[in-house]
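The values are calculated or read from the model by the stated rules, or taken from the named source; none is laboratory data. Since the model is a prediction, treat every value here as computed from it, not as a measurement. Counting neighbours? That spans all protein chains shown, and the Cβs are built from the backbone with ideal geometry, glycine included.
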Amino acid sequence: MKYFRAFFAIMILAASCMLQPPTLWGEDDDFASSAAGQYLINLGLKFIDDPGDFFMNLHLNNEDYSPLPDGRRVGARFNFFPTFFPTTLANLNLKINVLSDKPTTPQIDMVGTYGDLLGLRFAADSMEDVKPEFSDYAVGLVVSKKVQNETKLFAGFKYTQVQMKVVLSSSSAVDFGSFHLDTINFKVADMFIYSGICHQSGKDAYVIAQAGYGLTYKKIAARIMMSRKHLELGIDMFPEGMFVIHPFMAWHWYF
């Protein structure tokens, strides 16, 4: 039981650290009634109200649907923050070039993403009465075309799904502040259409802006990113999410 409670607390605390105002942490001895305590309790309530949206946003942090650089055939990407650290969501995003940009044809890349929540599996392995189910994947296509020597426009579509089911016994239920948690059960699947612009600002350096729209849940997701030889720094924005702004850091490798 203690492992799952610790995992759940880490998820909420990690989420709060993404945009935690320093002034929130007061010196009140009664943590539950302090500003920080109330903030975390409200986060927990929002999480329970719609956990699928929270995990979908984390999943979208892991995706990258910008086009591969010219001359590259394969790309691999790993999102470090805020998914692998601190929420233990291991992830891999793969791109494969199937058609190069030519005067008469656009560039076409196939993209796929897979994730696994390691902390949840560790917590479940330590307890006989917790049998979780978790899946996290996406597949899609990106079509791009140069409009200038250093600038590409791109668009495409992707199917993305996040599913989780955890049923706890009475002895394993989580009490966190003013709420009680004994079940997490959701499946969020959507088809996104998206478009964006990619500008090469230097050798192995790119600036990328894109926006997408989920047809089922009418979800909007936008990204601004700076990409270097292996490092990516950027911001994902989800106007209706628990957190509107998700700063992220990722690494990629092109072959």
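Summed over segment 97-114, residues that are out of contact with any helix residue (DSSP H, G or I) (no Cβ under 6 Å at 6 or more places or on another chain) and part of a strand (DSSP E or B) total 12.
Screening Ala124 against (1) at pLDDT 90 or above; (2) buried (at least 19 other Cβ atoms within 10 Å of the Cβ) leaves a single unmet condition, (1).
Considering only segment 198-218, I want to know if a residue exists there that is in a strand (DSSP E or B) and in contact with a helix residue (DSSP H, G or I) (Cβ under 7 Å, 6 or more places away or on another chain).
First, the residues of segment 198-218 that are in a strand (DSSP E or B): 198-202, 205-214.
Checking the rest, the ones that are also in contact with a helix residue (DSSP H, G or I) (Cβ under 7 Å, 6 or more places away or on another chain) come to none.
No, that holds for no residue.
A single entry from Ile235, Ile197, Ile208, Ile193 fulfils the requirement of being modelled with pLDDT of 90 or more, within 15 Å of the chain's Cα centre (by Cα) and either among the β-branched types (Val, Ile, Thr) or surrounded by fewer than 14 Cβ atoms within 10 Å (Cβ to Cβ) (or both): Ile235. Selection within segment 51-69: residues that are surrounded by fewer than 22 Cβ atoms within 10 Å (Cβ to Cβ) and at pLDDT below 95. The member of this set that is nearest to Ile197 (Cα to Cα) is Asp53. Of all the listed residues (His180, His246), the sole one being buried (at least 19 other Cβ atoms within 10 Å of the Cβ) and modelled with pLDDT under 95 is His246. When segment 73-121 is limited to residues that are among the hydroxyl-bearing types (Ser, Thr, Tyr) and closer than 22 Å to Leu233 by Cα, the one that is surrounded by the most Cβ atoms within 10 Å (Cβ to Cβ) turns out to be Thr83.
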